[in-house]
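The values are calculated or read from the model by the stated rules, or taken from the named source; none is laboratory data. Computed from a prediction, not measured in an experiment: that's the story for all the values here. Virtual Cβ from ideal backbone geometry, glycine too; neighbours counted across all protein chains shown.
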Amino acid sequence: MNFDTVDLQRSGDVTYTVRRWARDARPFISIIHLAFAGTYRDGSSGAPDAHYIHGIASITDGAWRPCAVILDFSSLSYEWGDEMSLVLPPDDAENAVVVSDKCRRAISTIRFGINTDRDITELSNFFDNFDDARKYVAERQVTDWNDSVKRSTPFDETELITLADMGIDG
């Protein structure tokens, strides 16, 4: 039995970068910014690209177990291919997605249908810039944590956190 060396990137030109933000005080919250760039191949030819993106997202989740992920497709040229739906989070999820004109239309058609005039950024967790996505996931983490603190007995107000505790101004 002979094994061949393989490259996770396969044959496409989709690349990625991973950045991590972590809070070093209770609550220990971490957020991953996973940015993809390059060109997603059209139609069924793009299936390996979707599987690659999904695989990298799964590896990132397994390695760091973040509380939230910002999937950033703003530098990814994507025009068509159904398998991209594998990597998009559910609407109103903890995770956020950043889009640009390079991919906005195609991602919009995945959620709203091929003939849609709607824009994907109408959904609460899709954004056209990183800062808004970052604020969204931070707000979700603050709300989730504070809700759990308020449900605890006895309730300790000093355990509540703010957006400033998450590095977000105002």
When the stretch 1-60 is checked residue by residue, the ones that are of a type in the set (D, E, K, R), out of contact with any helix residue (DSSP H, G or I) (no Cβ under 6 Å at 6 or more places or on another chain), closer than 22 Å to E79 by Cβ and not in a helix (DSSP H, G or I) are D13, D42
Within the stretch 61-83, considering residues that are under 20 Å from D42 (Cβ atoms) and assigned to a helix (DSSP H, G or I), the one modelled with the lowest pLDDT | D82
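Here are G55, G12, G43: which of them is on the phi > 0 side of the Ramachandran plot and either surrounded by fewer than 20 Cβ atoms within 10 Å (Cβ to Cβ) or among the polar types (S, T, N, Q) (or both)?
Values: G55 fails: on the phi > 0 side of the Ramachandran plot; G12 fails: on the phi > 0 side of the Ramachandran plot.
None of the other options fit; the residue is G43.
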Per the filter on the stretch 99-134, residues in a loop (DSSP other than H, G, I, E, B) and hydroxyl-bearing (S, T, Y) are S100, T116, S124
Checked pairs for the stretch 13-26, first of a type in the set (V, I, T), second modelled with pLDDT of 95 or more and in a strand (DSSP E or B), C-beta under 6 Å and 6 or more apart or across chains, list as V14/F36; V14/G38; T15/A37; T15/G38; T17/A35; V18/L34
Of the numbered conditions (1) modelled with pLDDT under 95; (2) crowded, with 18+ Cβ neighbours inside 10 Å; (3) of a type in the set (D, E, K, R); (4) in contact with a Leu (Cβ under 7 Å, 6 or more places away or on another chain), D91 satisfies every one except a single condition; which is it?
-> (2)
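Please enumerate the residues belonging to the stretch 36-68 that are free of Cβ contacts under 8 Å to residues at least 40 places away in the same chain and either within 22 Å of D144 (Cα to Cα) or aromatic (F, W, Y) (or both). Talk me through it step by step, then tell me what you get.
Step one: of the stretch 36-68, the residues free of Cβ contacts under 8 Å to residues at least 40 places away in the same chain are 37-39, 42-51, 53-54, 57-59, 61-63, 65.
D61, G62, R65 - these are the residues of the stretch 36-68 that are free of Cβ contacts under 8 Å to residues at least 40 places away in the same chain and either within 22 Å of D144 (Cα to Cα) or aromatic (F, W, Y) (or both).
Every residue, every condition in (1) at pLDDT 95 or above; (2) within 25 Å of G38 (Cα to Cα); (3) surrounded by fewer than 17 Cβ atoms within 10 Å (Cβ to Cβ), yes or no:
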{"position": "S85", "(1), (2), (3)": "no, yes, yes"}
{"position": "D101", "(1), (2), (3)": "yes, yes, yes"}
{"position": "D131", "(1), (2), (3)": "yes, yes, yes"}
{"position": "Y136", "(1), (2), (3)": "yes, no, no"}
Might you let me know whether the stretch 71-78 holds any residue that is in contact (Cβ under 8 Å) with a residue 40 or more places away in the chain and among the polar types (S, T, N, Q)?
-> yes
Is there any pair with a first residue in the stretch 158-170 that is over 15 Å from D132 (Cβ atoms) and a second that is assigned to a loop (DSSP other than H, G, I, E, B) whose Cβ atoms are under 7 Å apart and which are 6 or more apart or on different chains, and what are they?
-> I161/P27
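If I filter the stretch 135-155 down to residues being in a loop (DSSP other than H, G, I, E, B) and of a type in the set (S, T, Y), which single residue comes out as nearest to the chain's Cα centre (by Cα)?
Pass one, the stretch 135-155, residues in a loop (DSSP other than H, G, I, E, B): 152-155.
Next, only the ones that are of a type in the set (S, T, Y) stay: 152-153.
Details: S152: 30, T153: 34 Å.
Per the criteria, the residue is S152.
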Among all residue pairs at least 6 apart or on different chains, which show Cβ distances below 8 Å where the first residue, located in the stretch 113-133, is under 22 Å from D169 (Cβ atoms) and the second is of a type in the set (K, R)?
-> D128/R104
